[in-house]
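Enquirer: This is the structure I want to talk about, given as structure tokens.
The values are calculated or read from the model by the stated rules, or taken from the named source; none is laboratory data. As the structure is a computational prediction, the values presented were derived from the model and not from experiment. All Cβ positions, glycine included, derive from the backbone under ideal geometry; neighbour counts span all protein chains shown.
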Amino acid sequence: MSNTAGRPLRADAERSVRAILAAAERVLAANPGASMEQVAEAAGVTRTTVHRRFANRQALVEALAAEAAAKLAEAIEDGYPETAPPLVALHRATANVLRVKGAWGFALGPAVLQSEQAARTHAEIARRCVELLGRAQGEGVIAADADLEWVRRVFYALIGEALHGGEHGTETPDQDPDVLATRIVDTLLHGVGPRLG
């Protein structure tokens with residue numbers, strides 16, 4: 001983690017920034033209009049400390065979006081998308097993504113305007129996802145003529161529905177990410193039609 005000037009932060013300053021970002025996620029998820037003062041209170045720091053680290057509310061939200069995107073990228077990497085068997089990597093990455101998206105719902109939500117840094121990270125995640133789907137396609141798990149960009153979009157939609165598509169739009173955060181990942185991958189690869197053979 002680095003500050004807005006690009007210089008590495010001291011360990012105590014980095015802990016402070018992480019505490020502020022974690023508090024910002026909690027506070028803004030509950031109340032998207034919350035103030036910097038409310039974030040400071042939730043983080044257990046002074047308002048001055050928050051303003052020292054983030055020039056304004058927009059800078060805080062952009063840093064929050066970048067941090068959440070970085071966590072999402074780490075979750076994908078933890079699935080070993082380049083070395084694990086494609087189905088194993090797809091399941092593990094999906095379960096990891098569900099965990100991160102569940103914990104960073106505000107920062108990864110549609111209401112947050114992505115910073116350039118977060119947008120670059122999300123573009124790289126999408127590229128890595130298509131690569132993993134390509135590995136699965138190469139092993140015959142996905143049809144040879146499937147449009148992998150379309151498959152990626154369907155995959156993302158299934159993840160979104162798993163997290164936010166409960167009855168009447170209620171979220172289902174208590175469901176086990178591994179169970180949800182199995183359902184998502186199974187639906188992505190097999191659809192909902194009857195199994196033949």
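Enquirer: So Gln38 passes all but one of these: (1) over 23 Å from Val179 (Cβ atoms); (2) polar (S, T, N, Q); (3) assigned by TED's automatic domain parsing to the domain that holds Thr182. Which condition number does it fail?
Expert: (3)
Enquirer: Identify, please: which residue in the range 1-45 is polar (S, T, N, Q) and under 17 Å from Glu67 (Cβ atoms) and is, among those, modelled with the highest pLDDT?
Expert: Going through the qualifying residues, I end up with Ser16.
Enquirer: Any chance you could count how many residues in the range 93-130 are closer than 23 Å to Ala143 by Cβ and either in contact (Cβ under 8 Å) with a residue 40 or more places away in the chain or under 13 Å from the mean Cα position of the chain (by Cα) (or both)?
Expert: Qualifying residue count for the region: 5.
Enquirer: Now for a separate question. Just wondering, is there one or more residues in the range 100-119 that are hydroxyl-bearing (Ser, Thr, Tyr) and modelled with pLDDT of 95 or more?
Expert: Within the range 100-119, not a single residue is hydroxyl-bearing (Ser, Thr, Tyr) and modelled with pLDDT of 95 or more.
Enquirer: Can you tell me which residue within the range 64-101, out of those that are touching a helix residue (DSSP H, G or I) at 6+ places or on another chain (Cβ under 6 Å) and part of a loop (DSSP other than H, G, I, E, B), is surrounded by the most Cβ atoms within 10 Å (Cβ to Cβ)?
Expert: The selected residue is Gly79.
Enquirer: For the range 35-58, does any single residue satisfy the condition of being loosely packed, with under 15 Cβ neighbours inside 10 Å and within 22 Å of the chain's Cα centre (by Cα)?
Expert: Yes; the residues of the range 35-58 include at least one that is loosely packed, with under 15 Cβ neighbours inside 10 Å and within 22 Å of the chain's Cα centre (by Cα).
Enquirer: Here is a follow-up. Which condition breaks for Glu161 when tested against (1) within 30 Å of Arg18 (Cβ to Cβ); (2) at pLDDT below 95; (3) part of a helix (DSSP H, G or I)?
Expert: Checking Glu161 against (1) within 30 Å of Arg18 (Cβ to Cβ); (2) at pLDDT below 95; (3) part of a helix (DSSP H, G or I), the one that fails is (1).
Enquirer: Looking only at the range 114-146, which residues are in contact with a helix residue (DSSP H, G or I) (Cβ under 9 Å, 6 or more places away or on another chain) and in a loop (DSSP other than H, G, I, E, B)?
Expert: Gln114, Ser115, Glu139, Val141, Ile142, Ala143, Ala144, Ala146
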